[in-house]
Amino acid sequence: MTTDQLTPAVPAPGVIASLSVRPWVDHISDGKGFAPMLITHPTPRRDADTAAVIESRMRSVAHALGAAPADRTLPDTGERIAVHSGVVLVRLDGTLHALTTRAGNWGRVICEIGHVLLAVGLDPLSPAAVGPEVDEYLVASTKSGRLYFAAASVADSARLMQAGSHP
């Protein structure tokens with residue numbers, strides 16, 4: 001098997017646009033806040049959206065974000081996030097296309113904190129899922145090794161984020 005076969009493909013623009021993003025603010029025991037962003041594939045909509053295809057797509061997203069499985073050291077992927085005109089932009093390596101989501105209050109909070117915990121699930125999750133269903137997904141995916149994580153810094157501007165170069 002060649003290295004090219006082991007390295008996931010760069011996520012296609014259509015895959016990036018179809019991703020579900022769930023940002024929230026949480027707190028650790030000392031009261032400090034942190035801002036996770038769960039990135040998942042929506043539930044299958046076409047016959048071609050098999051479990052293997054979805055997993056391959058999400059592995060490419062995890063790879064493009066520099067994320068690693070939960071049982072490894074959390075990688076710091078540098079300035080990969082920016083907030084611009086009410087939109088959060090997330091840079092993916094290997095493509096000019098960014099993952100975007102509305103910023104709202106979460107955008108203000110991540111600018112204050114300066115970091116985001118990216119979590120990429122390999123399995124689909126309905127875009128309508130909330131609360132306990134999302135919590136169950138997080139627990140099950142972590143236990144089964146199907147959730148990848150990365151720490152990302154928030155850049156002062158989208159231009160500076162785009163200038164970053166991370167393998």
Quick one: what pairs do we get from the stretch 74-97, first residue under 15 Å from Val120 (Cα atoms) and in contact (Cβ under 8 Å) with a residue 12 or more places away in the chain, second among the hydrophobic types (A, V, I, L, M, F, W, C) and open to solvent by 40 Å² or more (accessible area, probe 1.4 Å), C-beta under 7 Å, 6+ apart or different chains? Leu74/Phe149
Neighbours by Cβ (under 7 Å, 6+ apart or cross-chain): first from the stretch 8-23, in contact (Cβ under 8 Å) with a residue 12 or more places away in the chain and farther than 13 Å from Thr40 by Cβ; second of a type in the set (D, E, K, R) and open to solvent by 30 Å² or more (accessible area, probe 1.4 Å): Pro8/Arg59; Pro11/Arg57
Go through the residues of the stretch 18-25 one by one and say whether even a single one is in a strand (DSSP E or B), within 17 Å of Gly145 (Cβ to Cβ), modelled with pLDDT of 90 or more and touching a Phe, Trp or Tyr at 6+ places or on another chain (Cβ under 8 Å). no
Search the stretch 91-146 for residues being in a strand (DSSP E or B) and open to solvent by 20 Å² or more (accessible area, probe 1.4 Å), and hand back the single one that is farthest from Thr40 (Cα to Cα). His115
Note on the stretch 73-90: residues part of a strand (DSSP E or B) and among the hydroxyl-bearing types (Ser, Thr, Tyr) are Thr77
Considering only residues that are of a type in the set (Gly, Ala, Ser) and modelled with pLDDT of 95 or more, look in the stretch 130-143 and name the one that is nearest to Ala51 (Cα to Cα). Ser141
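The values are calculated or read from the model by the stated rules, or taken from the named source; none is laboratory data. Computed from a prediction, not measured in an experiment: that's the story for all the values here. Every residue, glycine among them, receives a Cβ derived from its backbone with ideal geometry; neighbour counts consider all protein chains shown. Ligands, DNA and RNA are stripped out before the accessible areas are found, and what is left, the full protein with its side chains, is counted by its heavy atoms. Shrake-Rupley method; radii C 1.70, N 1.55, O 1.52, S 1.80 Å.
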